[in-house]
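Reading through the structure tokens given below for one structure.
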Amino acid sequence: MKAATAPVKILIIRRDNIGDLVCTTPLIRALREKLPDVWLGLLANSYNAPVLHGNPHLDRIFTYEKRKHRAAATGVARLYWNRIKLILHLRALKLDYVILAAPAYQRSALRFARLIGARHLVGYADPQGLIDMALPAPDDDLHQVESVYALGSFFGIAPPAPPLVLSADAAQVARIAATLPERRGKILVGVHLSAREPDRRWPKEHFIRLCRELIDRHGCSVMLTWAPGGRDNRFFPGDDETVREVVAAVDRAELIACSTDSLEALCAAISLCDLQISSDGGPVHLAAGLGKPVLCFFSEESPAKWHPWGVKYALLRKPSRRIADIAVEEVLAEFDQLCLACQ
């Protein structure tokens with residue numbers, strides 16, 4: 001009797017931010033559909049890994065903690081010891097391929113991949129020629145999804161890339177849904193207030209007026225989400241206080257403040273909305289992954305590379321590249337057009 005052949009083992013590495021990992025899900029899906037019998041794993045960091053909740057295309061998800069994300073209870077020595085153990089575990093799997101799923105060469109990701117010791121490395125070409133299955137640097141006008149998806153060409157995968165793959169945690173959805181007032185046929189608009197970088201932040205006064213106008217002029221309900229934290233929060237300083245001021249100033253029952261203290265909670269909140277408004281960043285891609293129309297504000301990032309993938313969207317970007325310069329009237333006009341396009 002002939003012995004069974006061990007499945008080919010492929011590990012995808014995506015160590016970047018939330019939006020980057022969401023934009024990798026079309027490649028994951030395509031690999032599973034093209035190669036249904038392979039073992040397919042993914043390595044992500046602890047901050048963005050919840051994006052993969054419920055992903056049906058992966059056999060295993062591995063996570064590690066970046067130093068900047070480490071919990072207060074985790075010492076630096078423990079953090080690196082955990083990383084060494086993970087590398088040893090991945091080496092023991094005897095991987096056939098490691099895919100460096102990024103739109104350009106990343107030295108740190110390549111270093112991690114070489115420690116794992118796979119037979120083949122797939123990615124964008126490095127200066128030393130260490131990646132044996134390499135593509136040249138992609139065109140500047142390619143979307144993030146398309147650049148990453150192109151790496152599937154080594155496995156017989158051809159464009160176009162399919163939609164993003166994302167699902168919300170059912171328990172979180174039920175918890176948040178239980179707090180919502182009766183809809184009565186109104187559109188529920190998600191408005192995300194938080195943005196890590198200063199140039200992606202919209203003024204508090206603009207949020208106040210936008211929420212009032214959406215409620216009073218358009219008859220919408222608004223779910224305001226944010227990353228909880230005080231002014232000393234190193235990621236999102238001051239948002240708790242800002243939200244309290246916005247809610248007090250708007251003073252409408254149709255404004256629902258939904259604190260999203262985890263990525264799972266944010267996905268669940270967005271999944272309950274009919275349309276999402278957010279500055280460029282993770283929430284834009286979470287909403288697209290959940291199939292929601294998106295109205296987004298862009299600063300320095302390229303819209304060609306980072307616009308919401310696979311959904312209807314409107315995008316505002318000023319010549320100054322300052323999101324603070326986007327007027328409420330411009331947002332409301334784009335909101336009207338997007339609603340019409342979605343009918």
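Counting only residues that are surrounded by 15 or more Cβ atoms within 10 Å (Cβ to Cβ) and in a loop (DSSP other than H, G, I, E, B), how many does segment 9-59 have? Please lay out each step first, then the result.
Start the filter on segment 9-59 by keeping residues that are surrounded by 15 or more Cβ atoms within 10 Å (Cβ to Cβ), which leaves 9-32, 35, 38-45, 47-53, 55, 57-58.
With the extra rule that they be in a loop (DSSP other than H, G, I, E, B), the set shrinks to 14-17, 23-24, 35, 38, 47-48, 53, 55, 57-58.
So the count comes out to 14.
Scan segment 191-221 residue by residue and report those that are assigned to a strand (DSSP E or B) and under 23 Å from Arg317 (Cβ atoms).
Of everything in segment 191-221, those that are assigned to a strand (DSSP E or B) and under 23 Å from Arg317 (Cβ atoms) turn out to be Val191, His192.
How many residues are of a type outside the set (Lys, Arg) and at pLDDT below 95 when one looks only at segment 178-192?
Residues meeting the conditions: 7.
Does segment 1-31 hold any residues that are in contact with an Asp or Glu (Cβ under 9 Å, 6 or more places away or on another chain) and basic (Lys, Arg), and which are they?
Correct list: Lys9, Arg14.
Looking only at segment 100-146, count how many residues are buried (at least 19 other Cβ atoms within 10 Å of the Cβ), touching a helix residue (DSSP H, G or I) at 6+ places or on another chain (Cβ under 7 Å) and over 27 Å from Trp309 (Cβ atoms).
1
Out of segment 57-66, which residues are out of contact with any Gly (no Cβ under 8 Å at 6 or more places or on another chain) and free of Cβ contacts under 8 Å to residues at least 60 places away in the same chain?
Passing the criteria: Thr63, Tyr64, Glu65, Lys66.
Quick test of your reading of the structure: Ser320 fulfils all but one of (1) loosely packed, with under 15 Cβ neighbours inside 10 Å; (2) in contact (Cβ under 8 Å) with a residue 60 or more places away in the chain; (3) assigned to a loop (DSSP other than H, G, I, E, B). Name the failing condition by number.
(2)
The values are calculated or read from the model by the stated rules, or taken from the named source; none is laboratory data. Since we're looking at a predicted model, the values are computed, not measured. Positions of Cβ are backbone-derived with ideal geometry, glycine not excepted, and every protein chain shown enters the neighbour counts.
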